[in-house]
Amino acid sequence: MAAGVSRSYDRAADGLRPVAIEPGFVRTATGSALISMGETRVICTASAQDSVPRWRAGRGLGWVTAEYAMLPASTGQRKPRDGARPDGRTVEIQRLIGRSLRGVVDFAALGENSIYLDCDVLQADGGTRTAAITGAYVALALACERLVAAGTIPRSPLTGSVAAISCGIVGGRPLLDLDYPEDSAAEVDANVVMTGDGGLVEVQATAERTPLSRAHLDDLLALAELGIGRLRAVQDEAIAAGRP
């Protein structure tokens, strides 16, 4: 992308696509949210169970895990459903989502309860894994509030917030929140997961054509921090609107 070439939604280099998070999208889930970032849309649900995996039982600690899937029509050309053995990309993403959310959970406060986060991509236009993390946090926060309201746990086990955003180098320019055309043309593609207090949970950066310089990495992290700050405000509004 050459300098001066416009981005989707006429965004600047540090601009996000239009973001919306609709809380309580799935009535039967303990917590849920529909997140839209431009044309990318992901349903995130949090389902609570009053048990933990057998390997964790008897320790007084809870568990949070995640699953991720792209619906068949999410990419235009039909994507076959994952069978009993998800493909490598799916496994990588759901592990990333799980790690990201576990980073802000006090498992002792959760007690021997599990929360399963399911992230299903309705429509994909880049940044599905980062949108899933951002939306899953809202679903998790709402689920925790419902568990507290029901007396299942005495207090919220959340120790902070977490959100994620993509960024990259496209045509030599650091850009925030890549859509699919930008992502597919990027010389460097990165996903950044960050807590509300600025701690880095995970940074995934891949140089496709030219090595990533330290200066460009610093530029991308600065862009990500800016974008995640904006996402955190949207998360807070959604959680407030979805409280039981």
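Each reported figure results from applying straightforward, stated rules to the coordinates on display, with no laboratory input. Keep in mind that what you see is a predicted model, and the values were worked out from it rather than measured. Cβ atoms come from the backbone with ideal geometry, glycine included; neighbour counts cover every protein chain shown.
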Task: Positive-end extreme of charge dipole, the chain - chosen from Leu140, Ile228, Gln123 (charges on Cβ) - done: Leu140
- [ ] Quick one: which residues, 5 or more positions from Leu178 or on another chain, have an amide H under 5 Å from its amide H? H modelled 1.01 Å from N in the peptide plane, none for Pro or chain starts.
- [x] Ser166, Cys167
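Which FRET efficiency, nearest 0.05, do Arg155 and Arg56 yield, Cβ-Cβ r, R0 22 Å?
On the way: r = 20 Å, r/R0 = 0.92.
The computed FRET efficiency comes out at 0.60.
Ordered by packing density, taken as the mean number of other Cβ atoms within 10 Å over each peptide's residues, highest first, how do 114-122, 164-172 rank?
Numbers: 114-122: 20.7, 164-172: 24.0.
In descending order of packing, they fall as 164-172, 114-122.
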Open item on the list: Can you give me the long-range amide H partners of Ser74? Hydrogens built in the peptide plane at 1.01 Å from N, cutoff under 5 Å, separation of 5 or more residues or another chain.
Closed with: Lys79
Open item on the list: In whole Å, what are the extents of the chain along the principal axes defined by its C-alpha atoms, from largest to smallest?
Closed with: 56, 39, 33
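If the only charges are +1 at each Lys and Arg Cβ and -1 at each Asp and Glu Cβ, what is the size of the charge dipole of region 107-214 around the Cα centre, to the nearest 20 debye? Kindly include the intermediate steps, with their values, before the conclusion.
Working: 6 positive and 14 negative charges, 71 e Å.
Approximately 340 debye in magnitude.
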Task: region 151-157 - phi-based ³J(HN,Hα) in whole Hz, Karplus 6.51/-1.76/1.60, Gly and Pro as x - done: x, 5, 10, x, 8, 5, x
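Sequence gap at least 6, Cα distance under 8 Å: using those rules, report the relative contact order of the chain to the nearest whole percent. Walk me through the numbers on the way to the answer.
Numbers: 551 pairs, mean separation 55.4, N = 244.
For the chain, the relative contact order is 23 percent.
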- [ ] Using the Karplus curve 6.51 cos²θ - 1.76 cosθ + 1.60 with θ = phi - 60°, work out ³J(HN,Hα) for each residue of region 68-80 in order, rounded to whole Hz, and write x for Gly and Pro.
- [x] 9, 8, 9, 5, x, 8, 5, 10, x, 6, 4, 9, x
- [ ] Specify the inter-centroid distance of region 44-66 and region 122-181, based on alpha-carbon positions, in whole Å.
- [x] 20 Å
- [ ] Please give the helix 128-149 orientation as an angle from the longest Cα principal axis of the chain, in degrees from 0 to 90, rounded to the nearest 10.
- [x] 20 degrees
- [ ] Read phi for every residue in region 225-235 and hand back ³J(HN,Hα) as whole Hz from Karplus 6.51 cos²θ - 1.76 cosθ + 1.60, θ = phi - 60°, with x for Gly and Pro.
- [x] 4, 4, x, 5, x, 5, 5, 4, 5, 5, 4
Open item on the list: Placing unit charges on C-beta atoms (Lys and Arg positive, Asp and Glu negative, everything else neutral), compute the dipole magnitude of the chain about its Cα centre in debye, rounded to 20.
Closed with: 640 debye
Open item on the list: List the residues, sorted by chain then number, that are 5 or more residues from Glu67 or on another chain and whose placed amide H is less than 5 Å from its amide H.
Closed with: Leu117, Asp118, Cys119
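Would you calculate, for the chain, the mean residue ellipticity at 222 nm contributed by helices, counting each DSSP H stretch of 4 or more residues as -39,500 (n - 2.57) and dividing by all residues, to the nearest 500? Each step should come with its number before you reach the end.
Numbers: 5 runs with 76 residues, N = 244.
Computed mean residue ellipticity for the chain: -10000 deg cm²/dmol.
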